[in-house]
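This report concerns only the one structure given below.
The values are calculated or read from the model by the stated rules, or taken from the named source; none is laboratory data. Predicted model only: the values in this text are computed from it and were never measured. When we count neighbours, we look across all protein chains shown, and the Cβ atoms used for this are built from the backbone with ideal geometry, even at glycine. For accessibility, only protein heavy atoms count, side chains too; no ligands or nucleic acids. Shrake-Rupley method; radii C 1.70, N 1.55, O 1.52, S 1.80 Å.
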Amino acid sequence: MTAADSTRTGGVVRGFMLGEGADAVVDALDAIFPSASPRVAGGQPSTGAVKIETTQCGPLGSDRWQIGLGCAVDTEPYKEPLVVWFSRPAVATVPSGELRVPAVAR
């Protein structure tokens, strides 16, 4: 099951997606990255929640993702600055190799 909604207030657009299970995670990521072939990482359970909150105001955007299972998304290189914060350890594959990201202490 996946639920989605968005609202516009002036120039600010807010949206959210909420779902449960591997299919919901893939559907949510596919909506954000339509040409990226998102998938659940091998060996992951088929259950897990996904909650994605977005805010966009002109060229500036912010997303908050809470994904309860491992996943992979292949994207084209970003031309604009991108800041990512992980609450758990993660591995990102970048052009120069593999980037192991430790969790940020709260």
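Numbers below:
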| quantity | calculated |
| --- | --- |
| Probe 1.4 Å, accessible area per residue of the chain, Å² | 74 |
| Nonlocal amide H pairs with Val101, under 5 Å, H built at 1.01 Å | Ala90, Val91, Ala92 |
| Calculated FRET value between Val83 and Ser37, using beta carbons and R₀ = 35 Å, to 0.05 | 0.90 |
| Read-out Rg and Dmax of the Cα atoms in Å, derived from the coordinates shown; its label in (1) 15.8, 50; (2) 14.5, 44; (3) 15.0, 51 | (2) |
| Charge dipole magnitude, Cβ of K and R +1, D and E -1 - the chain, Cα centre, debye nearest 20 | 380 |
